Each structure stands twice: as C-alpha cells, then as structure tokens.
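> What follows is a single structure, and I will ask about it in a moment.
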Amino acid sequence: MSPYSASSDTRSRMAVPGFAAHHAAQPPQDNQSPLSWARQRLSSRFSRRLVTAGQRVEHRLSNLGPAWHAVEWPGGRVQAARGDRMDQRTGFLAVGPGGVYAVTVFDQGRHRVMLAGDVVQIQGRRPPLVANARRDARRASAALSAAVGTRVPVVPILTFVGSGSISAQG
C-alpha cells in the first residue's frame, strides 16, 4: 500500500457530492470554542494538501518503472507551527536501480519559489529546506547503513508542489 493512500473512510467521504462544503459550514460543537474549531479545520486542510502532494510525487515516481519503490520512513513527516502559517513537509525514500533517494516534498501553495545555489526563498523568507533535506538524507543513510552493515549512500531531493512559479538562478 502506498504511504500516501487515502483511507477507505476518506475516499468514501470524497465521493459524496458537496462533502467539503457541508463540513466546512458546520458550526463548532457545544464543547468546542470557535477558535479551536477554526484551528482544527485549518490543520486538516493542510494535512489533506500534504497527502495530495505526496500522492502526486509518488505517481510521478511510479512512471519510472516497476523497479522503483517508495518507502515511507519515520523521519519523513514534519509538521511545525510557525506564526499564523503551518509549514508542512513530508518525505519518503525512493529505492531503485539508481540508488536510494530521500525525497522531501514541500507544498509551496501559490507562492513563488526562488532558487540560487543552496538558497531557497519563498515569499521573502529563507526556510532551511536544503539543510533539512540533507539532514534527513544523512539520517536515512545512517539508519540503512546500521541495518545492512555497510555504508548506504542516500541522495537528498527537494521537491516543490503547488501552483506557484519556480525560478532558478545560477
């Protein structure tokens, strides 16, 4: 089963016409404050977007052929609250004839991404995405090397999904 497969419960809800509109308009429960209800809705929206992004990347990976496999790993899913925005990234290991790759998926949304060497700038900010992707690859390499008994190189890959533009300099 795919690490990004939606549960059968989620699939059945997505098949119901007007499901999202119906649930988005639901008022908070009696024991839930409006603020906590809004935070819960925002969190679930980001989670759904992240799962969808992972599914898109995994679909592209499946186009490489049957020799490639996507493996979910514990260090691949990160969720951290930063200010009023929820930064989420996810990742998996791609294993195939070309080696082992730690693929980090970052949902850029509609924001423009500018790349210059190892520097990534999104909406005027420079999140440490390249450093985090390299750190995750080192962790995966250490875990695989310990399990196998020989050094296993893992190449970090940073993948952006969203509708924003990406521009690269140098």
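> Filter region 152-161 down to residues that are surrounded by 17 or more Cβ atoms within 10 Å (Cβ to Cβ), farther than 13 Å from Thr90 by Cβ and not hydrophobic (A, V, I, L, M, F, W, C), then give me how many there are.
1
> Would you pick out the residues in region 109-151 that are assigned to a loop (DSSP other than H, G, I, E, B), more than 17 Å from the chain's Cα centre (by Cα) and surrounded by 13 or more Cβ atoms within 10 Å (Cβ to Cβ)?
Arg112, Gln123, listed by residue number.
> Can you work out which of the residues in region 79-100 that are under 15 Å from the mean Cα position of the chain (by Cα) and modelled with pLDDT of 85 or more is surrounded by the most Cβ atoms within 10 Å (Cβ to Cβ)?
Filtering first and then ranking leaves Phe92.
> State whether one or more residues within region 21-32 are modelled with pLDDT under 50, open to solvent by less than 60 Å² (accessible area, probe 1.4 Å) and over 17 Å from the mean Cα position of the chain (by Cα).
Yes, region 21-32 has at least one match.
> Taking Ala70, is it within 28 Å of Leu158 (Cα to Cα), under 20 Å from the mean Cα position of the chain (by Cα), among the small types (Gly, Ala, Ser) and modelled with pLDDT under 75?
no
The values are calculated or read from the model by the stated rules, or taken from the named source; none is laboratory data. What you are looking at is a predicted structure, and each value in this text was computed from that prediction instead of being measured. Neighbour counts are summed over all protein chains in view; Cβ atoms, including those assigned to glycine, are modelled from backbone coordinates with ideal geometry. Surface areas here come from the heavy atoms of the whole protein model, side chains and all, with no ligands, DNA or RNA. Shrake-Rupley method; radii C 1.70, N 1.55, O 1.52, S 1.80 Å.
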